[in-house]
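Report on the structure given below.
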Amino acid sequence: YVFDLFGGGGAISFELIQREQIKKVVYNDINTGVVELLKDIRDNGVTDKYYQWVDRETFNKHKNDKDWFGGLCQVVWSFGNGQKAYLFGRDIEQYKKMYFEVVVNNIDHTEKMANFIENYVLKRYGIAKKCKLEMPQWIDINKRRLEIRRQIVSYEKACKPKQQQEQKKLEQLGKLEQLKKQQAINKTHPLQDIKQIGLLERLQQLEQLRQLERLEQIKTLKYLEQTKVLEGLEQVKQVSNSQVINKLELLNQSFDEVKINTPINETIIYLDPPYLDVGAEYAEMVDQKKINDYLNKTPYVVYVSSYNCGLRCIAEYEHRTTLAVGRNDKVIERLYIKQPNDGY
């Protein structure tokens, strides 16, 4: 038995109900809208109503509703699952809508998408390269999504020779500037001039490094490739259409109010509370003292996901966070364990 007491979007619960050795998964979350969303998926499956584009205005109007659609806005259409800000920036929203309609509604926006990608790459990386996209012919939504992604990845690879050419140009310009400075030093030799030239050289080297770093980013156009909305829905749809969905029980309570009466040696509790240092609005709803008291009193084995925790760490995973536009910071998430005889 597994009790997922801070269930959130349900990723852990949906994963565990697919494991044969798991008899039952109890998902719990204090957010009513999210629980109603998962109840609808459990009882009715991922139906066509889930495959609708949600724009910024609709999101802001319904994100706090306590029904399945409010839950959908919070889980699927919010940035970083923060349940507050819309998923896409204004600069990319129309492009993402075109991408969505190509895949879901089979509407041909490929020419406009290609123009957007060209301008995006030129403006962001200074690389001019013609982009051509073809409308996928697949009937299956997932295959259409993968085909468009394949074409964008192919364009990305085609941009790399251009990137290398730009790097060579920068190197040649740098060598030319150094030669000019050396010639100036040979003619004048004043100490002050040498100091100024040295400073100028270091500044130019820094600028060249910045340009190279910007060019290095062309190694991935994930910002344009990804359609997380569709990926998530397709994954959940596969699970909801199988018999394992019957192993899922859904609760809408505070984590410490969930009654657990299953055998101690057959039960696992999983806590994944909002991380206090990420600034998510949801984190404000969590009382850390209540979590500590719960860990002290429970007789069950508890696993806790966190960046930092006073429990024994049994695993850690380094990845890059994308919870802020334009940032790609490395973070280490850790899995901790609290066993019945452990103090906390």
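The values are calculated or read from the model by the stated rules, or taken from the named source; none is laboratory data. Only a predicted model underlies this, so the values are computations on that prediction, with no experimental measurement involved. All Cβ positions, glycine included, derive from the backbone under ideal geometry; neighbour counts span all protein chains shown.
One line per residue, one yes/no per condition, for (1) at pLDDT 90 or above; (2) out of contact with any Asp or Glu (no Cβ under 7 Å at 6 or more places or on another chain):
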position	(1), (2)
77	yes, yes
84	no, no
101	yes, yes
114	yes, yes
124	no, yes
166	no, yes
Spans of helices (runs of 4 or more DSSP H) in the range 1-85 with at least 1 residues in contact with a Leu (Cβ under 7 Å, 6 or more places away or on another chain), more than 19 Å from residue 238 (Cα to Cα) and hydroxyl-bearing (Ser, Thr, Tyr): none
State which residue is nearest to residue 32 (Cα to Cα) when the search covers only the range 57-82 and only residues that are in contact with a Lys or Arg (Cβ under 7 Å, 6 or more places away or on another chain) and either surrounded by fewer than 18 Cβ atoms within 10 Å (Cβ to Cβ) or polar (S, T, N, Q) (or both). 74
Can you pull out the residues in the range 55-101 that are of a type in the set (A, V, I, L, M) and farther than 19 Å from residue 8 by Cβ? 92, 98
Here are 304, 278: which of them is surrounded by 13 or more Cβ atoms within 10 Å (Cβ to Cβ), of a type in the set (A, V, I, L, M), at pLDDT below 80 and not in a helix (DSSP H, G or I)? 278
Can you report the number of residues in the range 250-268 which are surrounded by fewer than 17 Cβ atoms within 10 Å (Cβ to Cβ) and out of contact with any Phe, Trp or Tyr (no Cβ under 7 Å at 6 or more places or on another chain)? 7
Return yes when residue 251 is modelled with pLDDT of 65 or more and either under 28 Å from residue 302 (Cα atoms) or acidic (Asp, Glu) (or both) and no when it is not. yes
Does residue 107 satisfy being aliphatic (A, V, I, L, M) and either surrounded by 16 or more Cβ atoms within 10 Å (Cβ to Cβ) or part of a helix (DSSP H, G or I) (or both)? no
Which numbered condition trips up residue 56, out of (1) over 30 Å from residue 242 (Cα atoms); (2) at pLDDT below 90? (2)
Does the range 66-76 contain at least one residue that is in contact with a Phe, Trp or Tyr (Cβ under 7 Å, 6 or more places away or on another chain), under 30 Å from residue 120 (Cβ atoms) and free of Cβ contacts under 8 Å to residues at least 12 places away in the same chain? no
